[in-house]
Amino acid sequence: MENKVTLTYQNGDQTIDFPILPGTLGPDVVDIRAFSKTGMFTFDPGFLATSSCESKITFIDGDLGQLYYRGYPIEQLAEHSDYLEVCYLLVFGELPTPAQKEEFDRTVMRHSMVHDQLTSFFKGFRRDAHPMAMMVGVVGALSAFYQDSLDINNPRHREVAIYRLISKIPTIAAMCYRYSKGLPFNYPKNALGYTENFMHMMFATPCEEYKPSPVLVQALDRIFTLHADHEQNASTSTVRLAGSSGANPFACIAAGIACLWGPSHGGANEAVLKMLDEIGHVDNVPAFMEGVKAKTHKLMGFGHRVYKNMDPRAAIMKKTCDDVLQELGLHNDPKFKLAMALEKIALEDQYFIDRKLYPNVDFYSGIVLTALGIPVSMFTVIFALARTVGWISHWNEMIADPGMKIGRPRQLYTGAQRRDYVEAAKRG
Ligand code: SDX
C-alpha cells in the first residue's frame, strides 16, 4: 500500500496523489512538488507547516525538547566536545579523529587574520554604530578580498570559503567591539585556542598581559556550541535562499547576519537584558506579566516556533550562567536572580502553560555574556559568530545538491483587478 495523500478538488471532480516521504527522525513530509498541476498554489505564510528542504545536518524535536547536530545530542556535545570540533562535525558530518581535529584546528587558526585594508572599512562607521550594522557591512565586503574562491560549484572553493569564514568571523566580531570602544584592534594569536583567541582580540590591551580564566573560556566556548546551528530557522533559511541564486558565500552569510539581527530571532538576547533592566525588581514582575497578557509586550527569551517544551539549550545555558557567576563571585547577581524569579513565575502561569511558552536559548545567554564583560550591543554579534558555521554548512549542503533550484515562492494575490491608466487630471 503506497504511503500517499490524495487531494480531491474542483468539487470532487478531480483527485491528485502526493507521495509521503519518511525522514530518519521526526515527521514525514508530503511531497507537493506536483501541486501546480492542480492550477493552485499552497498557502503557508511563516512556513508553519512547510519544510523547505531536505537536510542531514541538525534535527530538532520541539515536543521532546531534543536538538541533535549530525545525530549527536546537544547535551553530550556541550559536555564533552569543543566548538571547533562541533564546527568540524557540522561541516563534514562526522566527529574528527585526533589527527583530523589537529589539522582542522591548525588550518582554522592559521587563517584568522583579515586583509589589512579591511580595517579601513571601520573608519566609515560612526563609533556608536550598532556592531551588527558593522558585521553586515564588513562580512558582505569579504568577497571583494577573496576573488580566488568564488566558484561555488568548485568543492575546493567552497571548502576554502568555509575555512575563511570560520577563521575570520571572530576577528571581525572583535574588531566591531574594539572600534565601538575606540580601542586599537588586536591581532589574532594563532597559538591560542579559538575561543581564548577571540577573548584575547576582544579584551587584551597593548599595555598588559591578558589571560582569561579557563572557566570563562570554556563557558564562552560552550555558548558558541549551543548557538552553532538550529535547522531551518529564519536566518539559515535566509542564507539558503540567498545562496540558491548563486550569490557568493560571504554575501549569503551577510544576509544571514542581517536576518538574525531581528528581536524575534537573534536579537532576543539583547532584548532580554533590556527587559530585565525595565522590570528592575522582582516586585514589578506581576505588573509586567499583566502587560504580557494584555499583549502590550512579550516576555523576551520565552517561546519558540519549534520548541513547545524547554529549549534544551536554555537548560545548559542556565547551568553555564551559574558556573560563570560562581567563578566570578557574582552568584548573587540581581539580574540572574530576577531572571530565575521570572522563569519560575512564567512556568507556573496558565497563560504561558496554555501557549507552551518556555525559556529559549536567549533567556539566560545575555546574563552570561554580561558577566563575561561583553556589552549588550555585542550579544547578537556573538550569536552570529557562533552561527556562521551552521549557516555555511547549510549553504554548502544546498550548493552540493545537484537538484538545487533557485528559491522562488508564489503568493495569494488579493490586490486590484486589471484596470486602465488614469491621467492625473482625471484622478481624485
Ligand atoms: C531564536 O527558529 C529558531 O530556531 C530560532 C533560534 C535559533 O537558534 O535559530 O532558536 C533562535 O530566535 C529563539 C527565539 C528568540 N526570540 C524571542 O525570545 C522573542 C520572544 N519570542 C517570540 O517573539 C515568539 O515566541 C517567537 C517569535 C519566538 C515564536 O513565535 P511563533 O511561533 O510565531 O508563535 P506565535 O507568535 O504565533 O505565538 C503563539 C502565542 C501567541 O498568543 P495568542 O495569539 O495565541 O494569544 O504565544 C504568544 C503569542 O502572542 N507568545 C508570547 C511569546 N511568544 C509567543 N507571548 C508572550 N511572550 C512571548 N515571548
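The values are calculated or read from the model by the stated rules, or taken from the named source; none is laboratory data. Predicted model, so just to flag it, every value in this text is computed and none were measured. When we count neighbours, we look across all protein chains shown, and the Cβ atoms used for this are built from the backbone with ideal geometry, even at glycine. All accessible areas refer to the heavy atoms of the entire protein, side chains included, with ligands and DNA or RNA removed. Shrake-Rupley method; radii C 1.70, N 1.55, O 1.52, S 1.80 Å.
Per-atom-type breakdown for region 91-248 gives carbon and sulfur 56% of the accessible area (1.4 Å probe, protein chains only).
Give me the 1.4 Å probe accessible area per residue for region 25-106, excluding ligands and nucleic acids, in Å². Don't skip to the answer; put the middle values down first.
Details: 5000 Å² over 82 residues.
Per residue, region 25-106 has 61 Å² of solvent-accessible surface.
Segment VAL215..ASP116, full-extension length gain: 32.4 nm, with 0.36 nm per residue of separation and the alpha-carbon distance subtracted.
Between THR97 and GLN10, how high is the FRET efficiency from 1/(1 + (r/R0)^6) when r is the Cβ-Cβ distance and R₀ = 60 Å? Nearest 0.05.
Values: r = 59 Å, r/R0 = 0.98.
According to the calculation, E is roughly 0.55.
Measuring nothing but how far apart in sequence close Cα pairs (under 8 Å, 6+ apart) lie, relative to its length, the chain scores a relative contact order of 20 percent.
Heavy atoms of the protein chains alone define the surface here; on that basis region 245-365 has 45 Å² accessible area per residue at 1.4 Å probe size.
Axis angle, to the nearest 10 degrees, between helix 194-203 and the longest C-alpha principal axis of the chain: 70 degrees.
Centroid-to-centroid, using Cα positions, region 111-187 and region 348-418 are 21 Å apart. Measuring nothing but protein heavy atoms, the accessible surface of region 362-428 at 1.4 Å probe radius is 52 percent carbon and sulfur. Excluding same-chain neighbours fewer than eight residues apart, the lysines reachable from LYS168 by a Cα-Cα span under 18 Å are LYS189. Ranked by the mean number of other Cβ atoms within 10 Å of their residues, highest first, the peptides 331-342, 159-170, 19-30 fall in the order 159-170, 331-342, 19-30. Label-to-label distance for LEU183 and GLN350 is 5.1 nm, based on points extended 7 Å past Cα in the beta-carbon direction.
With a 1.4 Å probe and every protein chain kept in, tell me what percent of the accessible surface of region 29-72 is carbon plus sulfur. Carbon plus sulfur share of accessible area: 57 percent.
Once C-alpha pairs closer than 8 Å and six or more residues apart are averaged by separation and normalised to the residue number of region 220-259, the relative contact order reads 42 percent.
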